[in-house]
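Worksheet: the structure to be examined is printed underneath.
The values are calculated or read from the model by the stated rules, or taken from the named source; none is laboratory data. Remember, predicted model here, so these are calculated numbers, not experimental data. All Cβ positions, glycine included, derive from the backbone under ideal geometry; neighbour counts span all protein chains shown. Surface areas here come from the heavy atoms of the whole protein model, side chains and all, with no ligands, DNA or RNA. Shrake-Rupley method; radii C 1.70, N 1.55, O 1.52, S 1.80 Å.
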Amino acid sequence: MKNKTVAAWLAFVGGPLGLHRFYLHGLGDWLGWLLPIPTALGVYGIQRVQAMGQDDHLSWVLIPLLGFTIAGCALRAILYGLMTPERWNARFNPSAAPDARPGRTHWFTIFAIALSLLLGTTVLMASLAFSFQRYFEYQIEEARKISQ
């Protein structure tokens, strides 16, 4: 039986590694295997910024991949947590009763939803701010080069 609270926490904590997908769909889930790719690329982007500075153009693309992956997994945790017990059990526990215990929402589920909302929003906004800041700074630098 797949527990809604466990799935929400796995999406929040281990989502960028695909842990929630493996929990719900098994090790054969190809989306679960693809999730670590943007995560690893984003971590590589952070390492590039630390090594080469903020003027590295490739890191402008790579770092937001990590942010968007984290934000997407936080959204998935919220969606899992807010799913009704009937819908949860029909989708992930089809042999169970519609109101079976694994699909019910508990306080631990609510904490996963709240933390996912907090962290997911923060990471998404930081990723967007980083991307747009670097883009506009680059545009200003290029305009200065042209005007000289």
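A few notes on this one:
- Cβ pairs under 7 Å, 6+ apart, first in segment 21-37 and touching a residue at least 24 places away in the same chain (Cβ under 8 Å) and more than 18 Å from Met1 (Cβ to Cβ), second open to solvent by 40 Å² or more (accessible area, probe 1.4 Å) and in a helix (DSSP H, G or I): Leu35/Leu17; Leu35/Arg21
- Search result, residues across segment 24-38 that are at pLDDT below 95, out of contact with any Gly (no Cβ under 8 Å at 6 or more places or on another chain) and open to solvent by 40 Å² or more (accessible area, probe 1.4 Å): Leu27, Gly28, Trp30
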